[in-house]
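Structure first, commentary second.
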Amino acid sequence: MRYRVLGKTGIEVSTHCLGTMMFGAVGNPDHEESARIIHAALDAGINFVDTADMYSAGECEQIVGKALKGRRDDVVLATKVHFPLGEGRNRSGNSRRWILKAVEDSLRRLDTDWIDLYQVHRPDHTTDIEETLSVLTDLVRVGKIRTFGCSTFPAEELVEAHHMAERRGLMRMRTEQPPYSILARGIERAVLPTAQRLGMGVLTWSPLASGFLSGSYRAGRPVDLTTGRARLTPHRFDPDAPGNPAKFAAVEQLVALAQETGRTLPELAVAFPLVHPAVTSVIIGPRTMDQLTSLLKGADLLLDDAVLDRIDEIVAPGTDLYRADGVWQPQSLTEPALRRRPAGERAAAD
């Protein structure tokens, strides 16, 4: 396993990061088996583990905490805050009030005294970014967290956070965690170049495009929309849904390319994000030991220029054929009223 420095933090992390979203009720409910998978990843040289408070409503953090007993000092542990936990108001978002509560809850579930990387899971336009940076800076200064970053922020918000930190004398967002795969290359346009210019570490998620690059979904073959990821978002896997034929066609070409290199499609897919000079580590999220073993098997895959040129021909740089679930959308796109003048003001003349 290779290691890279996480942005400008000085912290060395493995180029594969163990994502734990599939441990707990939403994936593998067996705590002991999940712990064995975590231990196997650590034994393979992975020293970077990523989780979040909202994964299985906190259960995932508990699993990770138990699994790291006796090995905590050797692991760079990352978790996240933002999504709702429980009923009622003020139990989500990026406010000082919620973050101070959420970090204590995460520390307790993880059974640790500190978090190495605390990430804001999504933007929150109800909270001034200065408020968020201020509380995160305070948490570093009191030793609750070592550094902090964000996840799935657009480039303009990375820049805004950076300049706000400079103006107010606050600590900066040191990392960004975006979705990135052969089928979802949109972040190559602005997010990755911006993170690189700002000296941010980048840990990418969903290299298999939520399973689309697992090899299980192929053109001309029936797709079971009642199980796995397809059950959760059938419109993304239905071969007849608009936009999906292009994804299936790309997968067929990628399968052929992987076979030419003597590797599997998942191995090709996981190797791809690490090629970009802005990317520090790619998150792999196994649910079973077999999946972990399969993903680690491709860790030595080196993609040469000829293979990368072929990938560019199949999916052009900066192109999104697949959009990961849960990716934040700005209000300027989600709220029509922000894109439409009042009816009486829309014409060029009275």
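The values are calculated or read from the model by the stated rules, or taken from the named source; none is laboratory data. Everything numeric in this text was worked out from a predicted model, so none of it was measured. Using ideal geometry, Cβ is built from the backbone for each residue, glycine included, and neighbour counts are taken over all protein chains shown. Side chains included, ligands, DNA and RNA excluded: accessible areas come from the protein's heavy atoms. Shrake-Rupley method; radii C 1.70, N 1.55, O 1.52, S 1.80 Å.
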Enumerate the whole-percent occupancy of each 10 Å bin, from 0 to the last occupied one, for all C-alpha pair distances of the stretch 67-158.
16, 50, 28, 6, 0
By how many nm would the segment from Asp111 to Met171 lengthen if fully extended, with 0.36 nm per residue of separation less the alpha-carbon distance?
19.0 nm
What does the helix-only formula give at 222 nm for the chain: each DSSP H stretch with n ≥ 4 adding -39500 (n - 2.57), the total divided by the residues, and the result rounded to the nearest 500 deg cm²/dmol?
-10500 deg cm²/dmol
Hydrodynamic radius (Kirkwood) for the chain, which is based on Cα pairs only, to one decimal in Å
21.1
So what's the projected area for the stretch 1-132, the Cα convex hull averaged over all directions, in nm²?
8.4
Filtered pair list for the chain (Lys only, Cα < 27 Å, 8 or more apart or interchain) has a length of 14
Can you give me the solvent accessible area of Met164 with a 1.4 Å probe, rounded to the nearest 10 Å²?
20
Percent accessible area from carbon and sulfur atoms, the chain, protein chains only, probe 1.4 Å:
49
With T = 10 °C, eta = 1.306 mPa s and Kirkwood Rh from C-alpha pairs, the Stokes-Einstein D of the stretch 60-103 in µm²/s is about 130
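Grab the other residues whose beta carbon is less than 12 angstrom from that of Ala102, score K and R as +1, D and E as -1, and report the net.
Working: positive: Lys80, Arg91, Arg96, Arg97, Lys101, Arg108, Arg109, Lys144; negative: Asp53, Glu61, Glu104, Asp105.
Summing Lys and Arg as +1 and Asp and Glu as -1 gives +4.
May I ask you to derive the relative contact order of the chain, considering only C-alpha pairs under 8 Å and at least 6 residues apart, and to give it as an integer percent?
Once divided by the residue count of the chain, the mean separation gives 17 percent.
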Please give the per residue accessible area of the chain, computed with a probe of 1.4 Å over protein heavy atoms only, in Å².
47
Leaving out ligands, DNA and RNA but keeping every protein chain, what accessible area does Lys69 have, in Å² rounded to the nearest 10, with a 1.4 Å probe?
140
Along each of the three principal axes of the Cα atoms of the stretch 250-343, give the extent in whole Å, ordering the values from largest to smallest.
60, 32, 27
If each Cα of the stretch 31-88 is one equal point scatterer, what is log10 of I(q)/I(0) from the Debye formula at q = 0.26 Å⁻¹?
-1.10
Can you give the Rg to Rh ratio for the stretch 189-321, taking only C-alpha atoms and Rh from Kirkwood?
0.96
Go through Arg189, Arg109 and list them by solvent-accessible area, largest first, probe radius 1.4 Å.
Arg189, Arg109
Using 1/(1 + (r/R0)^6) with R0 = 30 angstrom and r between the beta carbons of Asp300 and Lys69, what's the FRET efficiency to the nearest 0.05?
0.50
